[in-house]
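Colleague: Have a look at the structure that comes next, please.
What follows is calculated from the coordinates using simple rules that are stated; it is not laboratory data. In this text, all values refer to a predicted model and were calculated from it rather than measured experimentally. Methodologically, a virtual Cβ is constructed for each residue, glycine included, from the backbone with ideal geometry; neighbour enumeration extends over all protein chains shown.
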Amino acid sequence: MSQKFALIENLENLLPLAFTEDLPDITTEAICLPSENVLAKIISKAMGVVCGIPLLPYIFQYKMVNVSVTPLVHDGDVIQKGTQIAVIEGSALGILSSERVALNFLQRLSGIATLTRRFITLIQGTGVTILDTRKTTPGFRYLEKYATRVGGAKNNRMNASEAVMIKDNHIAITKSITKAVQKAREFYGDKIEIILEVKNLEELKEALSLNVSRIMLDNFSVEDVKKAV
């Protein structure tokens, strides 16, 4: 599955829920004639990294196909307050009924991209890579992980099937880091990627002997991170 297809599929799965919880718009239905057309602009109210531009046509055309969207910026662009983001033309009823849903997606994803970019800027020149997690809003996995990529981070596991990640709960069950890794290799073979989370320097020492793909330092102090690295 391509990243673009996954992104749009994620959006299309959410749109029925998004519109169902927001409509009908009784104000717009009372004021706008079905035949009335308008031109609308999305304008930024703050500086940030924009994200979600490719989603706008799908959102505005979900209820009314006679609506066109002309993007004026691209995902990943740093925009200033007052920047025109997109122009929307067509049915006034369709545009105003879709406005809140469109802005909710655009604001959410742009906020994630903007915050991510702040951290990316802070680590420039250090050789460090920032990875995201699966701690996403339920249903928004591909969209929110896309936003972290736009901000400059790298995606870690998209879901729990992409790699074995042994954490404290798994270790608590097996009573041993080594045993947990052994069980994973017995089940999947030697070619499976194994990510191992450790919570102290003693566990790190054991983990280093197990030849896993990646070791994660969970809630380490700054001093212990320095010792571990």
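Colleague: Find which of Ile130, Ala102, Leu208 sits farthest along the positive direction of the dipole of the chain, computed with +1 on the beta-carbon of Lys and Arg, -1 on that of Asp and Glu, about the Cα centre.
Modeller: Projecting each Cα onto the dipole axis, the largest value belongs to Leu208.
Colleague: Here's a follow-up. Taking only Cα atoms and a 10 Å spring cutoff, compute GNM fluctuations for the chain and point out the largest among Asn66, Asn219, Asn156.
Modeller: The residue with the greatest mean-square fluctuation here is Asn219.
Colleague: Moving on to the next point. Could you work out the Kirkwood radius for the stretch 3-122, taking every pair of different alpha carbons, averaging 1/r and inverting it, reported in Å?
Modeller: Kirkwood radius, the stretch 3-122: 15.0 Å.
Colleague: Sticking with this structure for a sec: Please name whichever of Phe140, Gly76, Ala172 sits farthest to the positive end of the charge dipole of the stretch 49-194, dipole taken about the Cα centre and charges placed at Cβ: Lys and Arg +1, Asp and Glu -1.
Modeller: Toward the positive end, the furthest listed residue is Ala172.
Colleague: Which net charge results for the neighbourhood of Val198, defined as the other residues with beta-carbon distances under 14 angstrom from its beta-carbon, given Lys and Arg at +1 and Asp and Glu at -1?
Modeller: Residues close to Val198 contribute a combined charge of -2.
Colleague: Treat the chain as a sphere of radius equal to its Kirkwood radius over Cα pairs and apply Stokes-Einstein at 37 °C in a medium of 0.692 mPa s; give the translational diffusion coefficient in µm²/s, rounded to a whole number.
Modeller: Taking Rh from Cα pairs, D becomes 159 µm²/s.
Colleague: Report the antiparallel proportion of the DSSP beta bridges in the chain as a percent, rounded to a multiple of 5.
Modeller: Counting only bridges with both partners in the chain, antiparallel ones make up about 65 percent.
Colleague: Among Pro34, Phe5, Cys51, which residue has its Cα furthest toward the positive end of the charge dipole of the stretch 1-124, with +1 on Lys/Arg Cβ and -1 on Asp/Glu Cβ?
Modeller: Of the options given, the answer is Cys51.
Colleague: How many Å³ per residue does the convex hull of the Cα positions in the stretch 142-209 occupy?
Modeller: Considering the Cα atoms of the stretch 142-209, their hull volume per residue is 119 Å³.
Colleague: Please find, in a Gaussian network model of the chain (springs between Cα atoms separated by less than 10 Å), the residue of Glu29, Glu186, Glu12 whose mean-square fluctuation is greatest.
Modeller: Comparing Glu29, Glu186, Glu12 in a Gaussian network model of the chain, the most mobile one is Glu186.
Colleague: Next up: Identify the trypsin sites (Lys or Arg not before Pro) of the stretch 94-200 meeting these criteria: DSSP loop state and at most 10 other C-beta atoms within 10 Å of the C-beta.
Modeller: Passing sites in the stretch 94-200 are Lys135, Lys175, Lys191.
Colleague: Just how large is the dipole of the stretch 87-169 about the Cα centre, in debye to the nearest 20, putting +1 at every Lys and Arg Cβ and -1 at every Asp and Glu Cβ?
Modeller: 260
Colleague: Roughly how many debye, to the nearest 20, is the charge dipole of the stretch 173-220 about its Cα centre, given +1 on each Lys and Arg Cβ, -1 on each Asp and Glu Cβ, and no other charges?
Modeller: Approximately 120 debye in magnitude.
Colleague: Work out, step by step, the length gained on full extension between Thr70 and Ala160: first 0.36 nm times the residue separation, then minus their alpha carbon distance; give nm to one decimal.
Modeller: 28.7 nm
Colleague: Then there is this: Quick one: helix 141-151 against the long Cα principal axis of the chain, what's the angle to the nearest 10°, folded into 0 to 90?
Modeller: 90
Colleague: Compute the angle between helix 177-188 and the longest alpha-carbon principal axis of the chain, please, reported from 0 to 90 degrees and rounded to the nearest 10.
Modeller: Helix 177-188 sits at roughly 70 degrees to that axis.
Colleague: About the Cα centre, and with charges only on the beta carbon of Lys, Arg (+1) and Asp, Glu (-1), how big is the dipole of the chain? Nearest 20 debye, please.
Modeller: I would put it at about 720 debye.
Colleague: Binning every alpha carbon pair distance of the stretch 107-178 at 10 Å from zero, what are the percents per bin?
Modeller: Taking every Cα pair in the stretch 107-178, the percentages come to 18, 39, 28, 14, 1.
Colleague: Follow-up. Between the stretch 1-43 and the stretch 44-98, how far is it from one alpha carbon centroid to the other, in angstrom?
Modeller: Distance between centres, Cα-based: 11 Å.
Colleague: Now for a different question. Report the residue, chosen from Met216, Met165, Met47, that carries the largest GNM mean-square fluctuation when the chain is represented by alpha-carbon nodes joined by springs under 10 Å.
Modeller: Met216
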